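What follows is a single structure, written as structure tokens, with notes after it.
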């Protein structure tokens, strides 16, 4: 707890500060560039649903090659790099220590970027490992990503090991845990000798959900445990509840992967266990969300024109998206929604409404604390509203459309009817997605101005967050 | 230091155990699944086609898993564990923006259709949103000997020359046509309600008291599901690829024998109105019930200006019974 009291560091030199600042700056800039690129691809894909002839006549522009580029780059480039940058800053600050090694951080960043560039190029050339989803990069590239994780784990652990506080702040439990567990996921996914046919389906189910739930989720939760107390100037509501959520998340999450393959030839018991633990996931999800919301309670003025808005949406995205995930795991509901566009809406509610908004909240809320440069408040506000409204349109369109799609199938209509009935919803998805993409350009602009875009911080209006710092 | 080891090491140990239990062990165990009856490995050409399928991300929109649910029955029988033995990487898929392909080799065995559809999906299904795979084809002035150019309606054909498939397209079509679910001995699909309780001594020979009615809605819907991808919603077919049903002699004939025979048994290399159609039509005897076939036939006999004598389920049953001898 005492780690949270202040952001000033003990016994740190200006060089240490400079190194941490540069690492945080460059990680965030890289992530923002990847966000713009990956969501540009997303917009192209959304257009292809509306105009199938759009950019279609060459192999490297075909839908099936661009789609994994969009998903893998949002996952492993944008979100991963953005989260690791924040995790470094939080590890150093909450431990009142210097970042253990800037050099290691640069090696890690280079490896993340090499993996993402190589993954993008190979997928576009039609070199796809074939195991859906999020596992499409061929194994040498995933090995590079694994190396980036190992370097990151080392650096985070060493930073916390040299802490000048007694306790390890909760955020670091989540971020260090997330990186270490993901190393195991990566190894399990890469080793090929035990995954054939149905065996590979089982591994895919495991991988698909663990890559999300034990990488992005703990990283983002860890950031929330640091950012919310900072932005609201009060300690986390219950430290014990946070520890409880940590362990329950760890134990329940790895078991639910097979719910991606309900009604498949996977053994029925494996599917049923996955459903049972999908329900159990409500425990850490509601414990975590309640903890965050109770920390924010009664201070609405802190939300006004503040990065805390991003954090609030992120927490709600976590609560709603994860609870929705539990609902989707029931056989009765999955019968309607599985294989429809509803699941695409769900993955955007979680990866965007939760993870991406948490990263934005973290960047807007924490980056100025080390660069001394706030984002322009108006531009930050436009970014927030476009992204939020765009996401709501996106998720609603695909949730409603996906439900119609599923009911069309159940009613035994000709398949093409389900395609025709989706048309207006795909159009709305493209509109929502377009707003989201435009907001990302603003984010990139804002990051530039929080890092290198200006020489000296001008006299800025003192925001609530600054007063809190 | 102790706390760090406990948190980082302890949680990682817990996770490693869970990863082995939920990922690695099921993987090892299920990889040993034996092949189901009749499940065979791919031919080299089909295997090459599978690689094209993977490289171009077909499985982002097409599943290869038929669930044991009523709405999936149109795609085939439920996928069984033994079906996936030679399927690495697995292509079960997660989204159905297009139909399931587990049994496409049986459902749509026409090479002619597959090539047209790949070159430009809208040439056979105007409402399709599938991307075209024209980059797997070449336009040449003249097809080399032994190569059949892709049959295309004028609106979709290039202005000059003809379209021929590249090796990749040939392989991909070979793969698609290899996707045939082998029947599981002893498994009777609950699939289509088969009202086989039709009297075995049909009254077809006698004079019907009134003009037999049919379920026009079901007829139109079943036609759209099973027939329209080739014969088209307007019944005009595609010249040189799929025969028209509008004005078709077999459809207008008061004696339905030929029409019923084609639907039940399928057909290939036929001559309709002086045009030779090289494609293959799949048999529907195991897919559709007598009353369903009667509704489709009657839909065809009363649509697009056709006006021919209606058939009854009993007549279909009679024709079906003849096949068995």
Kindly put B:85, A:313 in sequence by how many other C-beta atoms sit within 10 Å of each C-beta, fewest to most. B:85, A:313
Using bins 20 angstrom wide from zero, how does P(r) for the protein assembly as shown break down, in % of all Cα pairs? 15, 44, 27, 11, 2, 0
Once the Cα atoms of helix B:216-226 and of chain B are each reduced to a long axis, what angle between those two axes, in degrees from 0 to 90 to the nearest 10, is obtained? 50
When A:63, A:37 are ordered from fewest to most other Cβ atoms inside 10 Å of their Cβ, what list results? A:37, A:63
q = 0.09 Å⁻¹: log10 I(q)/I(0) that the Debye formula gives for chain B, counting C-alpha atoms only: -0.58
Each label point is 7 Å from the Cα along the Cα-to-Cβ direction; what then is the distance between the points at residue A:323 and residue A:279, in nm? 1.7
Convex hull volume of chain A per residue (C-alpha atoms, cubic angstrom): 137
So how tilted is helix A:308-328 from the main axis of chain A? Cα-based, degrees 0 to 90, rounded to 10. 30
How do B:123, B:268 line up, fewest other C-beta atoms within 10 Å first? B:268, B:123
So the angle from the long Cα axis of helix B:290-302 to the longest Cα principal axis of chain B, reported in degrees to the nearest 10, equals 60
Given the DSSP H assignment, sum -39500 (n - 2.57) over each helix run of at least 4 residues in the protein assembly as shown and divide by its residue total; what's the result at 222 nm in deg cm²/dmol, nearest 500? -18000 deg cm²/dmol
GNM on chain B, Cα springs under 10 Å; top mean-square fluctuation among B:235, B:105, B:23 goes to B:23
Inter-chain shielding metric for A:24-37, i.e. average beta-carbon neighbours from other chains within 10 angstrom, reads 0
Largest-first ellipsoid semi-axes for region A:287-342, taking √(5λ) over the Cα gyration tensor eigenvalues, angstrom: 31, 12, 6
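Values in this text are rule-based calculations from the coordinates and carry no lab data. Please read these numbers as outputs of a predicted model, since none were measured by experiment. Here Cβ is always computed from backbone atoms with ideal geometry, including for glycine, and neighbour counts include all displayed protein chains.
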